[in-house]
Amino acid sequence: MIAALVIAVLLVVGVDRFFGHSTIAFAAAIVLLLIANAPMLRFNCPQCGKNAFFRGILVVLWPNRNCTRCGHDLDT
């Protein structure tokens, strides 16, 4: 995920430096980051379906070990 962020930033900076400000470069960076983060959205608790990466409204880089809604152990 960090590599995708670095690539997205370098894409925007490179296009901005060589071709000028471009909203297409920003759009490409956003699409790249959405594709890179898509697998994180599928890591849900098998019992209740809550996503393991969400902490309230925040999203973190590491999943919970236990589901915060039902208490199921997500390590197994």
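The values are calculated or read from the model by the stated rules, or taken from the named source; none is laboratory data. Since the model is a prediction, treat every value here as computed from it, not as a measurement. Quick reminder, even Gly has a Cβ in these numbers, built from the backbone with ideal geometry, and neighbours come from all protein chains shown.
To keep it simple, each residue is scored yes or no on (1) assigned to a loop (DSSP other than H, G, I, E, B); (2) free of Cβ contacts under 8 Å to residues at least 24 places away in the same chain; (3) small (Gly, Ala, Ser).
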{"residue": "VAL12", "(1), (2), (3)": "no, yes, no"}
{"residue": "ARG17", "(1), (2), (3)": "no, yes, no"}
{"residue": "HIS21", "(1), (2), (3)": "yes, yes, no"}
{"residue": "ALA25", "(1), (2), (3)": "no, yes, yes"}
{"residue": "LEU41", "(1), (2), (3)": "no, yes, no"}
{"residue": "CYS48", "(1), (2), (3)": "yes, no, no"}
{"residue": "LEU61", "(1), (2), (3)": "yes, no, no"}
{"residue": "ASN64", "(1), (2), (3)": "yes, yes, no"}
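Residues checked against (1) out of contact with any Asp or Glu (no Cβ under 8 Å at 6 or more places or on another chain); (2) loosely packed, with under 15 Cβ neighbours inside 10 Å; (3) acidic (Asp, Glu); (4) at pLDDT below 90:
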site: PRO39; (1), (2), (3), (4): yes, yes, no, yes
site: ALA52; (1), (2), (3), (4): yes, no, no, no
site: LEU58; (1), (2), (3), (4): yes, yes, no, yes
site: GLY71; (1), (2), (3), (4): yes, yes, no, no
